[in-house]
1. With an 8 Å cut-off on Cα pairs and a minimum separation of 6 or more residues, tell me the relative contact order of chain A in percent.
2. Tell me, how many Å apart are the Cα centres for region B:15-93 and for region A:67-105?
3. For chain A, what does the helix formula give at 222 nm: sum of -39500 (n - 2.57) over DSSP H segments with n ≥ 4, over the residue count, nearest 500 deg cm²/dmol?
4. Using a Gaussian network model of chain A whose springs link C-alpha atoms within less than 10 Å, name the residue from A:GLY102, A:GLY151, A:GLY68 with the highest mean-square fluctuation.
5. Determine the dipole magnitude for the protein assembly as shown: charges of +1 sit on the beta-carbon of Lys and Arg, -1 on that of Asp and Glu, nothing else is charged, the reference point is the Cα centre, and the result goes in debye to the nearest 20.
6. Would you mind telling me which residue in B:GLU54, B:GLU113, B:GLU71 has the biggest mean-square fluctuation in a Gaussian network model of chain B, where springs connect alpha carbons within a distance under 10 angstrom?
7. May I ask which residue of B:TYR31, B:LEU20, B:MET96 lies farthest towards the positive end of the charge dipole of chain B, with charges of +1 (Lys, Arg) and -1 (Asp, Glu) on Cβ and the Cα centre as origin?
8. Where is the GNM fluctuation largest for chain A (alpha-carbon springs, 10 angstrom cutoff): A:THR83, A:THR125, A:THR60?
Amino acid sequence: MSGSNLVKKIVLLAFCSSIIFVGKFALVHLPNIEVVTFLLIVFTLVFKLKEVLLISTVYTIVELLIWGVSEQLYIWTVIVLITALFRNVFKENFLLWSILSGFFGITFGLMCALPIYLLTDKTVTIAYLWANIPYDVIHMVSNYMIMLLLGEIVYKKLKQLLAGYYN
Amino acid sequence: MFKNKKILITLVSSIIVVALAIGLILIYKDYLNKQVEEGDKTVTVYVINDHGDEKYTKTYSFNTDYKFLGELLLAKMDIKVQNDGYGNYLTEVNGMKANTNNQEWWKILINGEMGDYGMDEQPIKDGDEITLEFNIGYY
């Protein structure tokens, strides 16, 4: 890769991390309605795994700096890795990606509960899981709908833009 | 033909997701309702703060027909709550404000144990002992 293309790639990955953060920030007051999962899945479909891991790591660091340590910091990387596992199975079937996205939503509380269990105890974890059920449901439906409505459009547009991005 | 099939599958899948969501919410609500105790009940509330210059302890006893802790506390006690989209949580009790910048928070204990729900969903039962405890540090 030439020097200018490397610079372009660094700029692009930084830009993608910023887009995730802007998306997160824009919807932060809506409980469990977010586009982070959606964008990470789409980015995993168009970038190499190590590139998306860089994007999710940069985003995670920004999240850490803005909102501090939380139980969800590791989840973005997990979402990227699971998406990468299914990349060659689901291919460009965005209904399947929508279902996986919804699955990430409904299990988000469960994934958050893992560090809570390790840091506290069973009682706190169960209380956390119970309290989270309505929000996990919102998360599931919103993740599913966002991917169903925007997934294919954003994916195709991104691929088209990337095709003409490098020299 | 193919497009119609795709639309049909998408529609069926969306209906399943929405039905699953409604089902889970109904199960959750049903479970909550089963915990609710109707009628009069006596509830004791302790307010404890070990982090001030002097230890603060105050005890209240209420005869109430409220079903959930949140409505009882809001109606009968000097508290303030905040809702960031995830339900109400305590921010101040009897003028003692929890400053989140210092990782201060109010813990709610039901009969000595952490409640399973947020204050608005926590059912109260006759004889319950509720403790509102001022804490510093999240972990």
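1. Numbers: 164 pairs, mean separation 47.1, N = 167.
Computed over chain A, the figure is 28 percent.
2. Using only Cα atoms to place each centre, the spacing works out to 34 Å.
3. For chain A, the value works out to -28000 deg cm²/dmol.
4. Looking only at A:GLY102, A:GLY151, A:GLY68, the largest GNM fluctuation is found for A:GLY68.
5. Charge dipole, the protein assembly as shown, about its Cα centre: 2280 debye, nearest 20.
6. B:GLU54
7. B:LEU20
8. Checking each option, the largest mean-square fluctuation is seen for A:THR125.
Every read-out reported here was derived from the displayed coordinates using simple, explicitly stated rules and does not represent laboratory data. Just so it is clear, the model here is predicted, and its values are computed rather than measured. Positions of Cβ are generated from backbone atoms using ideal geometry, with glycine treated the same way; all protein chains shown enter the neighbour counts.
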